Protein chains: 2
Amino acid sequence: MVLLSGGLDSYTAAAIARRDGFSLYTLSIRYGQRHVRELAAARALAELRDAGRHLELDLDLSQIGGSALTSDIPVPKDRAIDSTQIPVTYVPARNTIFLSLALAWAEVIGADDIFIGVNALDYSGYPDCRPEFIASFAETARLGTREGVEGRPFTVHAPLQHMTKADIAREAARLELDSGLSWSCYDPQPGGRACGTCDSCRLRQKGFAEAGLTDRVAYAGG
Amino acid sequence: MVLLSGGLDSYTAAAIARRDGFSLYTLSIRYGQRHVRELAAARALAELRDAGRHLELDLDLSQIGGSALTSDIPVPKDRAIDSTQIPVTYVPARNTIFLSLALAWAEVIGADDIFIGVNALDYSGYPDCRPEFIASFAETARLGTREGVEGRPFTVHAPLQHMTKADIAREAARLELDSGLSWSCYDPQPGGRACGTCDSCRLRQKGFAEAGLTDRVAYAGG
């Protein structure tokens, strides 16, 4: 069971799961994100990696709002990406929600392993990407499900947890992933180009640059 | 922030929150439940209790299935309600999902307190109604949110946690709640009547009987 947003991180996490012998079930959430473009990437990637099933769940978080990704708050541009502030692109409780949906589906299909592509080094300061959060969620999952009660707890895998973006770019290259099929940008531009200036683009570009690798995504003005 | 399903338990939890001086924000989830009738009850109850806002979120869990409440698995009738088996009406990870949605909205509106009407005595053996699950979720919420990181952890209140159904019926009477406005039945019958034979009806009827109180919901054949 892989949470597949369509970004480079979740694509790499899915490829790692596949390499390690897991059959893939991939889950994307159409949550009212302004970069709904990522869902098409996720569908393509799921197909490419032979997912047993790819499920796209609708959950309109814009009814809740509170984030630049789900409301009309502007996406910040050219922000210092090493800031320790939690940015306005933080979607309240997003990973808690997404992991709980993955948990539900995992329980139904009898999967014991959930993969999520969070990483806590080159990330945007989102609290729900930290290792202590992931560990706590796994414990909540054990206590709150039939499988957990029956002694078959879930394992939440976060294989990118301790990687930098450069490490992830290198890992993706090692796995022969086409970075051009993934989509990270929060603010898609005309012509299917990434903006190059949102936090997500800047972290990604920095990672590829540090790894000395070419990002095959097309950037506006690039 | 109260998770309000429209049943007697969440109605009582909401009334307790109101009595204790909280302003109410009430959240219902249209999750593909076969007893969607409960949502109308929740709307009426939210209005009656002066909720600042009542939000009804759509999340189609029938895409995930795995429960008699969200798929075409039949709702069991006249089952032994003191069974320790987890029944087929268990919706995988439902409370984890619902609490995470409540958490998201609570964070957006700046609420620190989340109320849920779970109880672990006369319940249906659902793992996600147990105190240890609720405590673990609160810890996950602290770690996975901006509010938690900034030192303002959420409190998850489960005021019915240690009550029997009879206790809840008594508490509802003390709070002068009209039980006829709530809806617990999993299998609504023609004429807006409750079936009287699903687990939820039977637990509820047993509670009212033990408390010596009259349930104002109309039951089929009653």
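Every number here is computed from the coordinates shown, using simple stated rules; none is lab data. Not measured: the values here are computed from a predicted model. Note that each Cβ is placed from the backbone with ideal geometry, even for glycine, and that neighbours are counted across all protein chains shown.
For the protein assembly as shown, a Kirkwood hydrodynamic radius built from all Cα pairs, placed in the Stokes-Einstein relation at 37 °C and 0.692 mPa s, yields a translational diffusion coefficient of 145 µm²/s. Of all beta bridges that DSSP places with both ends in chain B, some 5 percent have antiparallel geometry. Sort the range B:58-104 into rounded, prolate or oblate with this rule: let a ≥ b ≥ c be the square roots of the eigenvalues of the Cα gyration tensor; rounded if a/c is under 1.5, and if a/c is not under 1.5, prolate when a/b is larger than b/c, oblate otherwise. Verdict is oblate for the range B:58-104. Between identical copies, the spacing of B:THR155 label points, each set 7 Å from Cα toward the C-beta atom, reads 3.9 nm from nearest to farthest. Computed from the C-beta positions of A:ILE86 and A:THR155 and an R0 of 22 Å, the FRET efficiency is 0.20 to the nearest 0.05. Once the Cα-Cα distance is subtracted from the 0.36 nm per residue extended length, the A:ALA135 to A:LEU48 segment shows a gain of 28.3 nm. Peptide A:131-140 has a mean of 6 when you count, residue by residue, the C-beta atoms of other protein chains within 10 Å of its C-beta. Taken along the Cα-to-beta-carbon direction at a fixed 7 Å, the label points for B:LEU213 and A:ASP113 span 5.0 nm.
Test of understanding: ordering B:HIS35, A:HIS162 by Cβ neighbours within 10 Å, fewest first, what list do you get?
A:HIS162, B:HIS35
Taking the fewest neighbouring Cβ atoms within 10 Å as the starting point, the ordered list for B:VAL118, B:VAL88 is B:VAL88, B:VAL118. Summary for B:ALA40: label point 7 Å along Cα→Cβ; distances to the equivalent points in the other copies, ascending, 4.2 nm. The distance between label points at B:LEU175 and B:ASP20 comes to 1.0 nm (points 7 Å beyond Cα on the Cα→Cβ vector).
Would you please classify the overall shape of the range B:82-180 from the alpha carbon gyration tensor, given that a ≥ b ≥ c denote the square roots of the eigenvalues, rounded means a/c under 1.5, and beyond that prolate means a/b larger than b/c while oblate covers the rest? Since a/c reaches 1.5 but b/c is at least a/b, the shape of the range B:82-180 is classed as oblate.
Look at the Cα gyration tensor of chain B: its axes a ≥ b ≥ c give a/c of at least 1.5 with a/b over b/c, and that counts as prolate. Our helix-only sum for chain B, with -39,500 (n - 2.57) per DSSP H run of n ≥ 4 divided by its residues, gives a mean residue ellipticity at 222 nm of -11000 deg cm²/dmol.
Estimate the FRET efficiency between B:ASP78 and B:VAL36 by the formula 1/(1 + (r/R0)^6), using the beta-carbon distance for r and 25 Å for R0, to the nearest 0.05. Show your work: numbers first, answer last.
Values: r = 23 Å, r/R0 = 0.94.
Efficiency for this residue pair is about 0.60.
In straight-distance terms, cross-link reach from A:LYS206 covers every one of the lysines whose alpha-carbon lies under 17 Å from its own, apart from those fewer than eight places away in the same chain; here that gives A:LYS77, A:LYS165. Annotation: the antiparallel percentage among DSSP beta bridges lying fully within the protein assembly as shown is about 15.
Counting Cβ atoms of other protein chains within 10 Å of each residue's Cβ and taking the mean over peptide B:80-92 gives 2. Only Lys, Arg, Asp and Glu carry charge here, each on its Cβ (+1 for the first two, -1 for the last two); on that basis the range B:2-211 has a dipole of about 360 debye about its Cα centre.
Farthest towards the positive end of the charge dipole of the protein assembly as shown, among the residues A:LEU39, B:ILE86, B:SER67, is the Cα of A:LEU39, using unit charges on the Cβ of Lys, Arg, Asp and Glu. Working from Cα pairs under 8 Å separated by at least six residues, relative contact order for the range B:2-211 is 25 percent. Taking B:GLN33, B:GLN161, B:GLN85 as the candidate residues, the one with maximal mean-square fluctuation in a Gaussian network model of chain B, Cα springs under 10 Å, is B:GLN85. What separates the B:ARG193 label point from its copies, with the point 7 Å along Cα to Cβ, is 6.8 nm, written shortest first.
Springs join every pair of Cα atoms under 10 Å in this Gaussian network model of chain B, and among B:ASP178, B:ASP167, B:ASP20 the largest mean-square fluctuation is at B:ASP20.
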